[in-house]
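> Have a look at this one before I ask anything.
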């Protein structure tokens, strides 16, 4: 069983405050035979600067793509924002000669050139397309039934369709299937594809908190015991910010929020400690005893 | 009190009234040259974007359809001085659902970029830009966190080439913009 190899693009928010996602991902991928190489050098994917300077976003993203090209490895991101940006810029630079020339003009300043030789994937693509459902199924040692969870896929891993072209953005099923492989049941709920609101935190906090509150409400309504995410920003909105949401709206939720690799890791037989469950803001020990 | 309300009402009406001199007839062409905004003239105001926008559900003023209409009408000053353009959370639902393939979220980004060029942006972006230029990362990662990575057995974080980032920041015009910024 030959494993695949990726250049891991961690992004900024994971090392800043969501290392449970990184820890659990590394454990699980290692066991599934996926090799990760660290970025030789790093800068932000560019996403947060797109609102103020589109060219700087393109150039920051392209610089990371060039670093990957030099390593002759495709990039794997854990963050939806990094994936959306790097994938979009990679495709745009490959297809649009005018934009490529412009960005290469900037990159020339630092002796780099975009060639378009690699691809960009998100962790969920690596699970679904490269490792495949069969191999994941074989790795399950402790099926998680009767656990009932809900999924939150997030936006940039699936939209805009013309740049992503993966799964059905109106009714996504890939994460659901990946969840059900662990033996847990994935429940449907209202407005599953609604945004978490994280990108405008700092500009306006009220709206993202309202959006996140509504999602937690819909999840609770169908009786899910936990929410499963694949993006550090979404995770931050529902886990780290859950106490703040509870205070703001004077409402108790107490819904644990897991990174998908944490859920899968449990089913693969890793202990909650190995998967950094202790770092979650909302205590998840209650679902572990089930 | 009553008088005060009346003046307020008058002022509001004045605000709502449009003058021909407010219109910049070339603005829509200026926008349509920006990446992603090429189809701005194709919008026929069906309102699918606003109906499906998660932000519009929680804000009384953010309406993507209206923003596109203001672009088509050339009401540049009204758009660029309006704080609502910073509310788009880039979920891209509007882009996916638009029957005319109008890149609504890209148009909003173009409006933000133009506003920034005039020296105005929410303070959070200035902070993020300054963090990236100093460290490569959008957030300043505390030393304690780096130490904890070691304890957790995680590899050390890749470093940034700060000189190169500064060069790119100059050449893309971001440096000049940041100097001008009033937030």
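The values are calculated or read from the model by the stated rules, or taken from the named source; none is laboratory data. Only a predicted model underlies this, so the values are computations on that prediction, with no experimental measurement involved. Note that each Cβ is placed from the backbone with ideal geometry, even for glycine, and that neighbours are counted across all protein chains shown.
> Could you tell me whether residue B:130 is more than 8 Å from chain A (Cβ to nearest Cβ), closer than 22 Å to residue A:103 by Cα, assigned to a helix (DSSP H, G or I) and touching a residue at least 24 places away in the same chain (Cβ under 8 Å)?
yes
> Residue under question is residue A:5, and the condition is that it be more than 8 Å from chain B (Cβ to nearest Cβ) and out of contact with any strand residue (DSSP E or B) (no Cβ under 6 Å at 6 or more places or on another chain); does it hold?
No; evaluated as a whole, the condition is false for this residue.
> If we scan the stretch A:221-228, do we find a residue that is within 14 Å of another protein chain (Cβ to nearest Cβ), farther than 20 Å from residue A:133 by Cβ and either touching a residue at least 12 places away in the same chain (Cβ under 8 Å) or surrounded by 24 or more Cβ atoms within 10 Å (Cβ to Cβ) (or both)?
no
> Looking for whichever is out of contact with any strand residue (DSSP E or B) (no Cβ under 9 Å at 6 or more places or on another chain), surrounded by fewer than 18 Cβ atoms within 10 Å (Cβ to Cβ) and without any contact (Cβ under 8 Å) to a residue 40 or more places away in the chain here; the options are B:26, B:33. Which one fits?
B:33
> Before we move on, is residue A:168 at pLDDT below 95 and within 13 Å of another protein chain (Cβ to nearest Cβ)?
Against the criterion (at pLDDT below 95 and within 13 Å of another protein chain (Cβ to nearest Cβ)), residue A:168 qualifies.
> While we're looking at this one, here's another question. Exactly one condition in (1) within 17 Å of residue A:279 (Cα to Cα); (2) under 14 Å from the mean Cα position of the chain (by Cα); (3) facing another protein chain (nearest Cβ under 7 Å); (4) free of Cβ contacts under 8 Å to residues at least 60 places away in the same chain is false for residue A:12; which is it?
(1)
> Related question: State all residues of the stretch B:139-168 that are more than 7 Å from every other protein chain (Cβ to nearest Cβ), within 13 Å of residue A:44 (Cα to Cα) and assigned to a helix (DSSP H, G or I); if no residue qualifies, say none.
Selection gives B:162 alone.
> Tell me the helices (runs of 4 or more DSSP H) entirely within the stretch A:187-290 that contain at least 2 residues that are outside the structural domain of residue A:33 (by TED's automatic domain parsing) and under 30 Å from residue B:85 (Cβ atoms).
Per the criteria, A:206-221, A:232-235, A:242-249.
> Something else: Within the bounds of the stretch A:101-123, is there any residue that is within 8 Å of chain B (Cβ to nearest Cβ), more than 20 Å from the chain's Cα centre (by Cα), more than 22 Å from residue B:133 (Cβ to Cβ) and at pLDDT 95 or above?
No; the residues of the stretch A:101-123 include none that is within 8 Å of chain B (Cβ to nearest Cβ), more than 20 Å from the chain's Cα centre (by Cα), more than 22 Å from residue B:133 (Cβ to Cβ) and at pLDDT 95 or above.
> Examine the stretch A:196-207 for a residue that is in contact with a strand residue (DSSP E or B) (Cβ under 6 Å, 6 or more places away or on another chain), surrounded by fewer than 21 Cβ atoms within 10 Å (Cβ to Cβ) and more than 29 Å from residue B:101 (Cβ to Cβ), and state whether such a residue exists.
Scanning the stretch A:196-207 turns up no residue that is in contact with a strand residue (DSSP E or B) (Cβ under 6 Å, 6 or more places away or on another chain), surrounded by fewer than 21 Cβ atoms within 10 Å (Cβ to Cβ) and more than 29 Å from residue B:101 (Cβ to Cβ).
> Here are some residues: A:58, A:65, A:49. Which one is within 10 Å of chain B (Cβ to nearest Cβ), in contact with a helix residue (DSSP H, G or I) (Cβ under 7 Å, 6 or more places away or on another chain), within 15 Å of residue A:120 (Cβ to Cβ) and modelled with pLDDT of 95 or more?
Just a single option satisfies the conditions, and that option is A:58.
> Test of understanding: among A:163, A:189, which residue is in contact with a helix residue (DSSP H, G or I) (Cβ under 9 Å, 6 or more places away or on another chain) and more than 30 Å from residue B:165 (Cβ to Cβ)?
Just one listed residue meets the conditions, A:189.
> Among the residues of the stretch B:97-118, how many are under 9 Å from residue B:34 (Cβ atoms) and in a loop (DSSP other than H, G, I, E, B)?
The number of residues fulfilling the criteria is 0.
> Continuing with this model, one more query. Considering only residues that are in contact with a strand residue (DSSP E or B) (Cβ under 6 Å, 6 or more places away or on another chain) and under 13 Å from residue A:20 (Cα atoms), look in the stretch A:231-258 and name the one that is surrounded by the fewest Cβ atoms within 10 Å (Cβ to Cβ).
Among them, the one singled out is A:239.
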